[in-house]
Amino acid sequence: MGIAAWIAFTLAYALMAVTPGPVTMLVVSYAISQGRRSALAAVGGTVLGDATCLAAAVFGAGAVLAASAAAFTVLKLAGAAYLVFLGVKFWRAPPVPEAEAAGGARRPRTRVFLRAWLTTVLNPKSVLFFMVFAPQFMNPHAPLLPQLAAMAGSVAVCGMVVDGGYSMFAASLRRFIRTPRAQRTVNRVTGGTLVAEGALAAAWRGLA
């Protein structure tokens, strides 16, 4: 992978990452309802999720999905079902008391991290991006691992900057959204958005 191809990949990924989607909504919701620490755990999960999708595409899993309509449909429906499940969880989630959120110790950040990772890995937009775009920037005659490392570095930096920026901005709004009614509204907007994203993902034909 030459420097020009690496820059092109980085720009393409940055444009994909900055576009709001279910992952963005997840990070923003955690930032507003639970604060910066939970939001940063979610950001870590999204970065690892994109790195997982990238590695799968580079090592051939993406080619299998691209060649098999049935395999891609299974992944698409699994992602849609998980987005709907997560949306319902957010819709029904009670407001987090300010004292509990500030304490931090009670926040299950491992669960936040895993939810963000699963949301990213099962997000058809992320999967399709790496399936379609990653191979175009790679040199088939060059060693594989250095190219993967270069792209993974771009994914990590862009993900931390973009999702981290969203989360820090959303966390700064927490002082204006302390009431249970406001938190409930945020949870329901997030939940409704995730359910809608799941329904659209299930209906989307993708590579079929």
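Tabulated data
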| item | result |
| --- | --- |
| For Leu173, Leu40, Leu148, order by how many other beta-carbon atoms lie within 10 Å, fewest first | Leu173, Leu148, Leu40 |
| Neighbour-count order for Ile3, Ile32, fewest beta carbons within 10 angstrom listed first | Ile3, Ile32 |
| Gain in span if fully extended, Arg188 to Phe85, counting 0.36 nm per residue against the direct Cα distance | 35.8 nm |
| Distance in nm between pseudo-label sites at Leu77 and Leu173 (7 Å out along the Cβ direction from Cα) | 3.6 |
| Net length gained if the chain between Ala203 and Phe133 were fully extended (0.36 nm per residue, minus Cα distance) | 22.9 nm |
| Net length gained if the chain between Ala142 and Ala196 were fully extended (0.36 nm per residue, minus Cα distance) | 15.2 nm |
| Fewest-first ranking of Val18, Val23, Val162, using other Cβ atoms within 10 Å as the exposure measure | Val18, Val162, Val23 |
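All of the numbers you see were taken from the coordinates with simple rules; none came from a lab. Since the structure is predicted, the reported quantities are computational estimates derived from the model, not experimental observations. Cβ atoms come from the backbone with ideal geometry, glycine included; neighbour counts cover every protein chain shown.
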